[in-house]
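This report refers to the structure that appears directly beneath it.
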Amino acid sequence: MTRFTPQELEAARDRLVPDVVADGLRVLFCGINPGLMTAATGYHFARPGNRFWPVLHLSGFTPRLLKPSEQGELPSYGLGITNVVARATARADELTAEEYVEGGRLLTAKVERLRPRWLAVVGVTAYRAAFGDRRAVVGPQERTIGSSRVWVLPNPSGLNAHWTAATMAEEFARLRVAAED
């Protein structure tokens, strides 16, 4: 993996990370916002220690472990990635409540346009903030966006010690099975 200086990572705050999307995906995964490593590389979930890519494979969504630089292969599996908030930060707690609410509004419009079978928000706290649902828990939600169902997944950040890669993979696999129906 490429190493970046602290100055290069700081400069990445101003970079937008393109979505990996297509119309009619099985699952559109939605991160909280890009981290600085993601912004520096242009690849979603690029920080070493983030468990998104291993968990995606362990759960059966992909036939092999993809590297962040291979994110362009996701649509061939019926998968995509976007974020609630586009602004890159070192930590998600740098985001404001207003950014989450506006991100939820923009995400809703994106989902209505792309019509994935499922929107999978990775991070229950982000989902609660973006959609004003303080009681949401990990798992399928009652909310729909157009014809798209919504599932909240655990945050794959290495900082989320409440979930192991194995328990996250179990939850991701529950979504995979639901998305196959």
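Based solely on its DSSP helices, what 222 nm [θ] is calculated for the chain when runs of n ≥ 4 H residues each add -39,500 (n - 2.57) and the sum is averaged over all residues, nearest 500 deg cm²/dmol?
Numbers: 6 runs with 61 residues, N = 181.
Taken over the chain, the calculation gives -10000 deg cm²/dmol.
If you count the DSSP beta bridges with both ends in segment 40-181, what percent of them are antiparallel, to the nearest 5?
On the way: 4 of 9 bridges.
Beta bridges within segment 40-181, antiparallel portion: roughly 45 percent.
How about segment 112-175: which trypsin sites (Lys or Arg not before Pro) there lie in a loop by DSSP and see at most 14 other Cβ atoms within 10 Å? The partial results should precede the final answer.
Details: sites: Arg113, Arg117, Arg128, Arg134, Arg135, Arg143, Arg149, Arg174; in loops: Arg117, Arg134, Arg135.
Answer by residue number: Arg134, Arg135.
List the trypsin sites (Lys or Arg not before Pro) within segment 30-105 that fall in a DSSP loop (any state other than H, G, I, E or B) and whose Cβ has at most 15 other Cβ atoms within 10 Å.
Details: sites: Arg51, Arg64, Arg87, Arg91, Arg105; in loops: Arg51, Arg64, Arg87, Arg91.
When the trypsin sites (Lys or Arg not before Pro) of segment 30-105 are filtered for loop state and at most 15 Cβ neighbours within 10 Å, Arg64, Arg91 remain.
Describe numerically, in nm with one decimal, the distance between label points set 7 Å from Cα along Cα→Cβ at Asp23 and at Arg3.
A separation of 4.7 nm, rounded to one decimal place.
Can you sort Met37, Met168 by solvent-accessible area, 1.4 Å probe, largest first? Walk me through the intermediate numbers first.
Numbers: Met37 25, Met168 0 Å².
Order by accessible area, largest first: Met37, Met168.
Just to be sure I understand the model, the point goes 7 Å from the Cα along the line to the Cβ. What's the resulting Ala109 to Asn160 distance in nm?
Once both label points are built, they end up 2.7 nm from each other.
By the gyration tensor of its Cα atoms, with a ≥ b ≥ c the square roots of the eigenvalues, what is the shape of the chain: rounded for a/c under 1.5, prolate for a/b over b/c, or oblate?
Details: a/c = 1.43, a/b = 1.19, b/c = 1.20.
In terms of gyration-tensor shape, rounded.
Quote to one decimal, in nm, the extra length available between Arg174 and Arg134 on full extension: 0.36 nm per residue of separation minus the C-alpha distance between them. Don't skip to the end; give the middle numbers.
Details: separation 40, 0.36 × 40 = 14.40 nm, distance 2.26 nm.
Stretched fully, the Arg174-Arg134 segment lengthens by 12.1 nm.
The values are calculated or read from the model by the stated rules, or taken from the named source; none is laboratory data. A quick note: this is a predicted structure, and the numbers were derived from the prediction, not measured. Note that each Cβ is placed from the backbone with ideal geometry, even for glycine, and that neighbours are counted across all protein chains shown. The area values use the complete protein model at the heavy-atom level, side chains included, leaving out ligands, DNA and RNA. Shrake-Rupley method; radii C 1.70, N 1.55, O 1.52, S 1.80 Å.
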